[in-house]
């Protein structure tokens, strides 16, 4: 995960890559969350929301292995790369300039996190 962007209305934009792991299965992203410095969850995108991300909200960086949606969230096959835009069902109200952590969680419970500033 690189270049996380969290906006004051709760929209999230993040570049995702899958460059390792078994090639027979994709990585299944089942949750994306934004947390403040104390760990409080400010915004959460769960599996059912991730499964409905419109194709137009995923900019593919590698055409042979695209990031796509599946019944349980986002699917990232080995070699996948793309920029994913997530829009909350209802706009949030995050503080501009606040330090937050964006965390991606896959079905196995593995987590990847990156710190960013709300813009």
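Every read-out reported here was derived from the displayed coordinates using simple, explicitly stated rules and does not represent laboratory data. In this text the structure is predicted, and so the values were computed from the model without any measurement. As a convention, Cβ positions derive from the backbone with ideal geometry for all residues, glycine included, and neighbour counts pool all protein chains shown.
Each residue in 64, 5 was given a count of other beta-carbon atoms within 10 angstrom of its own, and listing them fewest first yields 64, 5.
Dimensions of the chain along the principal axes, based on C-alpha atoms and rounded to the nearest Å, stand at 41, 26, 23, largest first. Summary value for the chain: 36 percent relative contact order, contacts being C-alpha pairs under 8 angstrom separated by 6+ residues. Each of 28, 45 was scored by other Cβ atoms within 10 Å of its Cβ. Listed from fewest to most, they are 28, 45.
Helix-only arithmetic for the chain: the sum of -39500 (n - 2.57) across DSSP H runs with n ≥ 4, divided by the residue total, places the mean residue ellipticity at 222 nm at -500 deg cm²/dmol.
Counting other beta carbons within 10 Å of each residue's own, what order do 40, 68 fall into, fewest first?
On the way: 40 9, 68 16.
Lowest count first: 40, 68.
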